[in-house]
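> Provided herewith is a single structure, encoded as structure tokens, for subsequent inquiry.
The values are calculated or read from the model by the stated rules, or taken from the named source; none is laboratory data. Computed from a predicted model, the values in this text were never measured in an experiment. Note: ideal-geometry Cβ built from the backbone for every residue, glycine included; neighbour counts use all protein chains shown.
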Amino acid sequence: MLFYSLFWAVLSEDMVKDGYQNIVNIDISSVVIEQMKEKHMDFPQLTYMQLDVRDMSFFGDGSFDCIIDKGTLDAMMCGDDAPHGAYKMLAEVARLMRPGGIYMLITYGAPKERLTLLNQVRCRWEVELYIMPTPEYQLKWSNGAAHAMMEKVALTVDGQLPPDYVLKDPESHFIYVCYKSDIVTEDNSMVAGQDDAMTSF
Ligand SMILES: C[S@@+](CC[C@H](N)C(=O)[O-])C[C@H]1O[C@@H](n2cnc3c(N)ncnc32)[C@H](O)[C@@H]1O
């Protein structure tokens, strides 16, 4: 299992508490890596590596069951080599994921931008979309009562938000749960995925 970026220390710790045994955390920043190594020195389940997501050749094909990305694809889209860096990253994501694996992309990018990027990669994804407003908006909406508000939104056949959909909180995060179903080979034929997705969850 691979996480991009490391500020989500609480999430990593909670996943360890939930029984996940092998979580690899990646960031390009050596400062972040060193800080997190020190913070989590008592968590043998968490490994930290300074790597560039555009080149993760350190790992073999199909090495991971799940890849969680919050903000790294967004960072790649703001970088000097956008959008090429983002394509390289997504090609690596597709390569590293075992058939049936899940790429969970947490981003500010709406389907129009992000699904276009995902579809550039030689990989067939089945995508579910969830929209999560900021905690501040959720509190306002629920009049102070604790209430998580994450909405599953059905995409149109061409992968867009429904035309009548109104985004309540403009600061919402979009959460794409992408199931890798097939890899498209160089000659454009399909290699079918397996049906045992999520067995390690
Ligand atoms: C917007 S921050 C997101 C941080 C964290 N996930 C969060 O939500 O608070 C983007 C992160 O991507 C990292 N990053 C940027 N380019 C990268 C690359 N090429 N490879 C790996 N990490 C990269 C940055 O160092 C930074 O920690």
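> For segment 54-86, which positions are aromatic (Phe, Trp, Tyr) and free of Cβ contacts under 8 Å to residues at least 12 places away in the same chain?
The one that is aromatic (Phe, Trp, Tyr) and free of Cβ contacts under 8 Å to residues at least 12 places away in the same chain: Phe58.
> Restricting attention to segment 131-151, does a residue exist that is in a loop (DSSP other than H, G, I, E, B) and on the phi > 0 side of the Ramachandran plot?
Yes, because at least one residue in segment 131-151 is in a loop (DSSP other than H, G, I, E, B) and on the phi > 0 side of the Ramachandran plot.
> Which of the residues spanning segment 12-37 are within 9 Å of the ligand (Cβ to nearest atom) and in a helix (DSSP H, G or I)?
Val31, Val32
> Here's another thing I want to ask about it. How many residues are over 17 Å from Tyr176 (Cα atoms), surrounded by fewer than 19 Cβ atoms within 10 Å (Cβ to Cβ), touching a helix residue (DSSP H, G or I) at 6+ places or on another chain (Cβ under 9 Å) and not small (Gly, Ala, Ser) if we restrict to segment 58-83?
Number satisfying all stated conditions: 4.
> For segment 38-54, which positions are buried (at least 20 other Cβ atoms within 10 Å of the Cβ), away from the ligand (no atom under 14 Å from the Cβ) and of a type outside the set (A, V, I, L, M, F, W, C)?
His40
> Being within 10 Å of the ligand (Cβ to nearest atom) and touching a strand residue (DSSP E or B) at 6+ places or on another chain (Cβ under 9 Å) is the filter here; which residues of segment 55-74 pass it?
Passing the criteria: Met56, Ile68, Asp69, Lys70, Gly71, Thr72, Leu73, Asp74.
> Quick test for you: out of Leu117, Leu129, pick the one residue that is at pLDDT 95 or above and of a type in the set (A, V, I, L, M, F, W, C).
Leu129
> For the list (1) near the ligand (Cβ under 10 Å from one of its atoms); (2) in contact with a strand residue (DSSP E or B) (Cβ under 8 Å, 6 or more places away or on another chain), I need the number of the one condition that Tyr103 fails.
Unmet for Tyr103, out of (1) near the ligand (Cβ under 10 Å from one of its atoms); (2) in contact with a strand residue (DSSP E or B) (Cβ under 8 Å, 6 or more places away or on another chain): (1).
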